[in-house]
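S.K.: Pasting a structure below so you can have a look.
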Amino acid sequence: LKPSSCAVLFSRSAMAALPGAIPYKLNGMCPGTTAVAMPASAAPPAPHAATQPQQWLLFERSLEALRALQTEMMLGSALAASGLLLVAVGVVWGVCAIVQAHPYLLCIMSGCALLFASLLMRPDGLITVLPSGVQDLLLNRTIFDFLYDDTGMQNFVRVWGRYLALASLGGLTPGDIRVLTAGIDHDFTDAVFRRTFLWWLPPPVRAVLMPSAAQQAQRPSQEVARLLQAANAGVGSIGLPASLGGPELTPQRIAVLLKEKEQARSIAITQPDLVAAVTNVLGLRAVALRVGDSFLQQAHGLLTAAFACCSVSAAVLGVPSVREFFLRGVARGLALCSAKVPWVGDSRASLVAARVARTLAVLGALSAGATLAVAAASKRVAAMREDLSTPTPPDAASAAETPEAASSLEAGDGRDSRHFADGVSPASESTTASE
């Protein structure tokens, strides 16, 4: 842009109309125009103002001109109203196009509007048609209840924790089962233990899955008969729940069911134990037994020494004459060493020594018991190490797979022994016979 064109676009009158007649942000004024008087206190223009490109100068002055027009003519309000009008026309146009392309949407929206209007016109309010849980939430609950009230979780954990105990603990008696299931809904317990997943399905789904009544009345195939028998037999030997015609569920029947399931699980697990395999491969058991044997031996020695020290100390301090002699020796030793600690007196020292003697006697008894326990554990670990290091004897079946083979082998051994006793080997006898 030339300076003359810039001067034409922005006349002096326009520049004077600007509030405060402050210089432009970039370089203060356009080249070729009369400089506006600046106050003496005003800061000089920035040193980089002269290096700004001309397009930024034009943009800033255009922005100032538009703001001046907004001050005089309120052009921004007119532009905002026009924009809102165009947006509304576009939205209406789009909705009309969608409705023309999909006329069924008009019926759907009209039906939703009518339903909402019917709900608004209910005299007793909309809350009466809401579920009881939502009514309780709106009428009786607060934000604090979400932090404090955990009754649902407590009930869930207490109920299913009992069933988890029944599944985890082994060897439960009917009395134990009666205690664990006390207070729980009996019908719910019966359904948990004996209701198969087929009977949890809705009746239409069961009707689709199972054979029809006419097929059941006829002579069904072997596969269909097996499925019908499995559906009507229920779980194990206790059958279906009482609500489906089965016997009453008792703790004795639950104990029988748990034993049957434990046996079935033991039979179904056919693969060898992983822990034993990993232990044998890595040699962890041998290392653990060796470390345990060494630790127990050291502990046995320490406990034996502790038992001896405590017993001797308790015996020394327990006898009054010996105790007095020991206390006098301690007092004289402190006096000879010029100890700064004052002597507490004979009576007080005697009382303290008696208490120490009783404490040492108790510790000696505990050390004796611990010594016996450690000795027994050490013998047990030593026996386990011996069993681990002893090689497994060969199987007798490798020598003789059947009793007949074993008897023939014994007979052959007897015959060979007789031949060797006569000085003739079986090979030479066979050679002579062939000749």
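S.K.: Within the range 226-245, count every residue that is touching a residue at least 40 places away in the same chain (Cβ under 8 Å) and open to solvent by 80 Å² or more (accessible area, probe 1.4 Å). Talk me through it step by step, then tell me what you get.
M.R.: Of the range 226-245, the ones touching a residue at least 40 places away in the same chain (Cβ under 8 Å) are 234-235, 238-244.
Narrowing further to those that are open to solvent by 80 Å² or more (accessible area, probe 1.4 Å): 243.
Number satisfying all stated conditions: 1.
S.K.: Residues that are closer than 28 Å to VAL256 by Cβ and not charged (D, E, K, R): list the helices (runs of 4 or more DSSP H) wholly contained in the range 117-182 that include at least 3 such residues.
M.R.: On the way: elements: 132-140, 143-148, 151-168, 174-180.
Of the helices (runs of 4 or more DSSP H) lying wholly inside the range 117-182, those with at least 3 residues that are closer than 28 Å to VAL256 by Cβ and not charged (D, E, K, R) span 151-168, 174-180.
S.K.: While we're here: Please verify whether VAL278 is modelled with pLDDT under 90, β-branched (Val, Ile, Thr), surrounded by 14 or more Cβ atoms within 10 Å (Cβ to Cβ) and over 30 Å from PRO174 (Cβ atoms), treating the condition exactly as stated.
M.R.: Values: modelled with pLDDT under 90: yes; β-branched (Val, Ile, Thr): yes; surrounded by 14 or more Cβ atoms within 10 Å (Cβ to Cβ): no; over 30 Å from PRO174 (Cβ atoms): yes.
When the stated conditions are applied, VAL278 does not pass them.
S.K.: Considering only residues that are part of a loop (DSSP other than H, G, I, E, B) and in contact (Cβ under 8 Å) with a residue 40 or more places away in the chain, which ones fall in the range 246-262? Quick ask: steps written out before the conclusion?
M.R.: Of the range 246-262, the ones part of a loop (DSSP other than H, G, I, E, B) are 246-250.
If the condition is that a residue be part of a loop (DSSP other than H, G, I, E, B) and in contact (Cβ under 8 Å) with a residue 40 or more places away in the chain, then GLY246, LEU249, THR250 are the ones that fit.
S.K.: Just give me the residues in the range 168-189 being without any contact (Cβ under 8 Å) to a residue 60 or more places away in the chain and open to solvent by less than 80 Å² (accessible area, probe 1.4 Å), in sequence order.
M.R.: The initial filter retains those residues of the range 168-189 that are without any contact (Cβ under 8 Å) to a residue 60 or more places away in the chain, namely 168-169, 171, 176, 179-180, 182-185, 187-188.
Result: GLY171, ASP176, LEU180, ALA182, ILE184, PHE188.
S.K.: Kindly indicate whether any position in the range 210-225 is closer than 27 Å to TRP160 by Cα, open to solvent by less than 40 Å² (accessible area, probe 1.4 Å) and not in a loop (DSSP other than H, G, I, E, B). Spell out the reasoning first.
M.R.: From the range 210-225, those closer than 27 Å to TRP160 by Cα are none; that's our starting set.
Checked the range 210-225: no residue is closer than 27 Å to TRP160 by Cα, open to solvent by less than 40 Å² (accessible area, probe 1.4 Å) and not in a loop (DSSP other than H, G, I, E, B).
S.K.: Also, quick follow-up: Looking at the range 122-131, can you tell me whether even one residue there is charged (D, E, K, R) and either modelled with pLDDT of 90 or more or touching a helix residue (DSSP H, G or I) at 6+ places or on another chain (Cβ under 8 Å) (or both)?
M.R.: First pass over the range 122-131, keeping only residues charged (D, E, K, R): 122, 124.
Restricting the remaining residues to those that are either modelled with pLDDT of 90 or more or touching a helix residue (DSSP H, G or I) at 6+ places or on another chain (Cβ under 8 Å) (or both) gives 122.
Looking through the range 122-131, at least one residue is charged (D, E, K, R) and either modelled with pLDDT of 90 or more or touching a helix residue (DSSP H, G or I) at 6+ places or on another chain (Cβ under 8 Å) (or both).
The values are calculated or read from the model by the stated rules, or taken from the named source; none is laboratory data. The structure displayed is predicted, hence computed values, not measured ones. Glycine also receives a Cβ, built like all others from the backbone with ideal geometry; neighbour counts cover every protein chain displayed. Each accessible area value is taken on the protein alone, full model and side chains, heavy atoms only, with ligands, DNA and RNA left out. Shrake-Rupley method; radii C 1.70, N 1.55, O 1.52, S 1.80 Å.
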